[in-house]
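Undergrad: Quick one: the structure is below, questions incoming.
The values are calculated or read from the model by the stated rules, or taken from the named source; none is laboratory data. As the structure is a computational prediction, the values presented were derived from the model and not from experiment. Virtual Cβ from ideal backbone geometry, glycine too; neighbours counted across all protein chains shown. For the accessible areas, the whole protein counts, side chains as well, though only heavy atoms, and no ligand, DNA or RNA atoms are used. Shrake-Rupley method; radii C 1.70, N 1.55, O 1.52, S 1.80 Å.
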Amino acid sequence: VAEDGTWGLVRASSNKPELVVVVESPVSAQRRRQMFEAIDAVLRRSPEVGAYNQTF
């Protein structure tokens, strides 16, 4: 969770072989997108992570 309340979560899907990425921001859509991009950058460093079901 960031100081401004923006947060992100990565979890395994309960019914598909993929990850679920959830981000929310009480500040703005731009901050939500920034959080997603930060999480995406970490996930993409590990090709074995595979697909996840959210994009912008």
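Undergrad: Please determine, by comparing only the residues of region 9-56 that are of a type in the set (Val, Ile, Thr) and in a loop (DSSP other than H, G, I, E, B), which one is nearest to the chain's Cα centre (by Cα).
TA: Top of the filtered list is THR55.
Undergrad: Which residues, counting only those in region 1-54, are hydroxyl-bearing (Ser, Thr, Tyr) and in contact (Cβ under 8 Å) with a residue 12 or more places away in the chain?
TA: Selection gives THR6, SER13, SER25, TYR52.
Undergrad: I've got another one for you. Out of the residues in region 15-31 meeting the condition of being modelled with pLDDT of 90 or more and of a type outside the set (Val, Ile, Thr), tell me which one is nearest to ALA51 (Cα to Cα).
TA: Here the residue is ASN15.
Undergrad: Filter region 3-56 down to the residues that are touching a Gly at 6+ places or on another chain (Cβ under 8 Å) and either open to solvent by less than 60 Å² (accessible area, probe 1.4 Å) or of a type in the set (A, V, I, L, M) (or both) and list them by number.
TA: Within region 3-56, GLU18, LEU19, VAL21, VAL22, VAL23, SER25, VAL27, MET35, PHE36, ALA38, ILE39 meet the criteria.
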